[in-house]
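Visitor: Below is the structure I would like to discuss, written out as structure tokens.
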Amino acid sequence: MAANKSKIAVIVGSTRRDSINRKLAQALVKLGEDRLAFTFVEIADLPLYSQDLEADLPTSVSRMKAQIEAADGILIVTPEHNRSIPAALKNAIDWAARPWGKSSWPGKAAAVIGATPGAIGTSIAQLHLRQILGALGVLVMGGEAYITFKPDLIAADNTITDASTRKFLSDFVANFASLLSRLAPAEAKAA
Ligand code: FNR
């Protein structure tokens, strides 16, 4: 039933038009939309963080903070840039943590995953991401999800073409849904 679906804010760490991580995020949405309600959070229009802008929060920042605060869980799908997280993603995380005392992060649950054309990519970015989110009071789902992206891995309709990867990603989404339902307050579970 739609009313009982956990709400997921999806943040893609790449601002690239043909991002493979955005494709992966869309495939995850397809795998999980029967149990979860997904909303994509735009980060490309955020200004570069400056404390000078906090007195009059930019609309794009207020919108992103509201989306994160309204969500039960955050799904972050990110590439690795120079063995860390992309600057655009760090900028979004920093903005959502501000102004002081009004961070949107504490108490949220998150799942992190990433795709790269390379063999070992995104593991160090995800390690850094877990450290940052932990410091902000976010509970990050355990496990590891590093996707080596091949051009035909995801079809135009966002279906994962490889059966073992599809099973792995289905389990990833199911585990996140299960974690969120275990974290939900008792009255929400009864609804
Ligand atoms: C990369 N790429 C990359 N890949 C990786 O596995 N580890 C890395 O440290 C880096 N570093 C890096 C830095 C910069 C500035 C760029 C532009 C790229 C390659 C990266 O995985 C590849 O470009 C992906 O296609 C990026 O994902 P999106 O943008 O397609 O989602």
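The values are calculated or read from the model by the stated rules, or taken from the named source; none is laboratory data. Quantities reported herein were computed from a predicted structural model and do not represent experimental measurements. Positions of Cβ are backbone-derived with ideal geometry, glycine not excepted, and every protein chain shown enters the neighbour counts.
Visitor: For segment 26-65, how many residues meet the condition of being touching a strand residue (DSSP E or B) at 6+ places or on another chain (Cβ under 6 Å) and over 16 Å from residue 9 (Cβ atoms)?
Guide: To start, the set of residues in segment 26-65 that are touching a strand residue (DSSP E or B) at 6+ places or on another chain (Cβ under 6 Å) comprises 27, 29, 36-41, 64.
From what is left, the residues that are over 16 Å from residue 9 (Cβ atoms) are 27.
Residues in segment 26-65 being touching a strand residue (DSSP E or B) at 6+ places or on another chain (Cβ under 6 Å) and over 16 Å from residue 9 (Cβ atoms): 1 in total.
Visitor: Among (1) more than 23 Å from residue 134 (Cβ to Cβ); (2) of a type in the set (Lys, Arg); (3) outside any loop (DSSP other than H, G, I, E, B), where does residue 7 come up short?
Guide: (1)
Visitor: On the given criteria, is residue 62 away from the ligand (no atom under 12 Å from the Cβ), polar (S, T, N, Q) and either at pLDDT 95 or above or surrounded by 20 or more Cβ atoms within 10 Å (Cβ to Cβ) (or both)?
Guide: yes
Visitor: So, in segment 1-52, of the ones that are in contact with a helix residue (DSSP H, G or I) (Cβ under 9 Å, 6 or more places away or on another chain) and free of Cβ contacts under 8 Å to residues at least 24 places away in the same chain, which residue ends up nearest to the ligand (Cβ to nearest atom)?
Guide: Here the answer is 16.
Visitor: Also, quick follow-up: Regarding segment 155-162, can at least one residue be identified that is within 16 Å of the ligand (Cβ to nearest atom), within 16 Å of residue 24 (Cβ to Cβ), in contact (Cβ under 8 Å) with a residue 12 or more places away in the chain and surrounded by fewer than 20 Cβ atoms within 10 Å (Cβ to Cβ)?
Guide: Yes, segment 155-162 contains at least one residue that is within 16 Å of the ligand (Cβ to nearest atom), within 16 Å of residue 24 (Cβ to Cβ), in contact (Cβ under 8 Å) with a residue 12 or more places away in the chain and surrounded by fewer than 20 Cβ atoms within 10 Å (Cβ to Cβ).
Visitor: Among the candidates 97, 87, which residue alone is more than 12 Å from the chain's Cα centre (by Cα) and surrounded by 14 or more Cβ atoms within 10 Å (Cβ to Cβ)? Spell out how you get there, then give the answer.
Guide: Values: 87 fails: surrounded by 14 or more Cβ atoms within 10 Å (Cβ to Cβ).
Result: 97 is the single residue among 97, 87 that is more than 12 Å from the chain's Cα centre (by Cα) and surrounded by 14 or more Cβ atoms within 10 Å (Cβ to Cβ).
Visitor: Separate question: With respect to residue 129, determine if the residue is within 16 Å of the ligand (Cβ to nearest atom), surrounded by 13 or more Cβ atoms within 10 Å (Cβ to Cβ) and free of Cβ contacts under 8 Å to residues at least 40 places away in the same chain.
Guide: Details: within 16 Å of the ligand (Cβ to nearest atom): yes; surrounded by 13 or more Cβ atoms within 10 Å (Cβ to Cβ): yes; free of Cβ contacts under 8 Å to residues at least 40 places away in the same chain: no.
Taking the combined requirement at face value, the residue does not satisfy it.
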